[in-house]
Amino acid sequence: MQLTATAAKLFRPNVSANTLSQTTLAILRVTLGIMMVHNGLDKLADIENFARAYVEYLGLPFPIFLSYVAAYTELIGAPLLAIGLFSRFASLGLFGTMCVAMYHHISVAGLSLPYLELSAIYAASFLYFLVNGAGLYSFDALITNFLDNTVLSLKEKQIMRLEKSYQASELAQDKTTVS
């Protein structure tokens, strides 16, 4: 029981429970996920060139291996973030790849904003989802409710449109128990 409660807390989003806020977070999450897949595909298209130009340049060991790790982190983590499934774990990996990208841009061009801009925006966004979770319109929130239906507040369940269905199922169970 303790393990379930701990897991539910891990999946639980900690953002404000209002519809407009949750909708904009879902839009941001899906947009980031879709856009980030493109970066992973670009890396895989010419993995050796990416390894030489980015990973070897930084002096990191095993450049081909690390290039594949970065590409698959983006190809697997980005869709997971987009649908809000294991979003904190996905955000951690994506945040890490963006930190390395920012380090690369700084080592190549210094603190030039045009080079840093996109990777810094991605990194900040992934850090946000790492800390706060995917929001209420996500599979993580559904998993939270499934593991421990007392973790989410009534307002959060109403935003997720879960409360009405739970009330109906409780009534059906009460009727079968009485009969």
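The values are calculated or read from the model by the stated rules, or taken from the named source; none is laboratory data. Because the structure is predicted, anything quoted here is derived from the model rather than measured. Virtual Cβ from ideal backbone geometry, glycine too; neighbours counted across all protein chains shown.
Points worth noting:
- Here 91, 87, 21, 67 are screened, and the one residue that is among the polar types (S, T, N, Q), at negative phi and modelled with pLDDT under 95 is 21.
- Index of the failed condition, residue 130 passing every other in (1) surrounded by fewer than 21 Cβ atoms within 10 Å (Cβ to Cβ); (2) over 30 Å from residue 158 (Cβ atoms): (2)
- Exactly one residue out of 7, 82 is surrounded by fewer than 18 Cβ atoms within 10 Å (Cβ to Cβ) and of a type in the set (A, V, I, L, M, F, W, C), and it is 7.
- When residue 99 is tested against the conditions (1) hydrophobic (A, V, I, L, M, F, W, C); (2) closer than 30 Å to residue 136 by Cα; (3) at pLDDT 95 or above; (4) buried (at least 17 other Cβ atoms within 10 Å of the Cβ), the lone failure is (4).
- Test: residue in the range 100-111 that is in contact (Cβ under 8 Å) with a residue 40 or more places away in the chain, polar (S, T, N, Q) and under 30 Å from residue 145 (Cα atoms): no
- None of 92, 118 is in contact (Cβ under 8 Å) with a residue 24 or more places away in the chain and assigned to a helix (DSSP H, G or I) except 92.
- Residue in the range 163-176 that is in a loop (DSSP other than H, G, I, E, B), at pLDDT 55 or above and not β-branched (Val, Ile, Thr) present: no
- Unmet requirement for residue 140, which otherwise passes all of (1) over 26 Å from residue 79 (Cβ atoms); (2) crowded, with 21+ Cβ neighbours inside 10 Å: (1)
- Residue under evaluation residue 27, criteria (1) at pLDDT 95 or above; (2) exposed (fewer than 15 other Cβ atoms within 10 Å of the Cβ); (3) touching a helix residue (DSSP H, G or I) at 6+ places or on another chain (Cβ under 9 Å); (4) closer than 23 Å to residue 139 by Cβ, criterion not met: (3)
- Pairs with Cβ under 8 Å, 6+ apart, first in the range 1-27 and closer than 16 Å to residue 84 by Cβ, second among the aromatic types (Phe, Trp, Tyr): 22/137; 23/137; 25/137; 26/137
- Lone qualifier among 21, 16 - being over 20 Å from residue 121 (Cα atoms) and of a type in the set (Ser, Thr, Tyr): 16
- Applying the condition of being aliphatic (A, V, I, L, M) and in contact with a Leu (Cβ under 6 Å, 6 or more places away or on another chain) to the range 38-72 and asking which residue is nearest to residue 136 (Cα to Cα) yields 71.
- Among residues of the range 59-107, those that are among the aliphatic types (A, V, I, L, M), within 16 Å of residue 35 (Cα to Cα) and within 12 Å of the chain's Cα centre (by Cα), counted: 8
- The single condition from (1) closer than 19 Å to residue 8 by Cβ; (2) assigned to a loop (DSSP other than H, G, I, E, B); (3) over 22 Å from the mean Cα position of the chain (by Cα) that residue 158 fails is (2).
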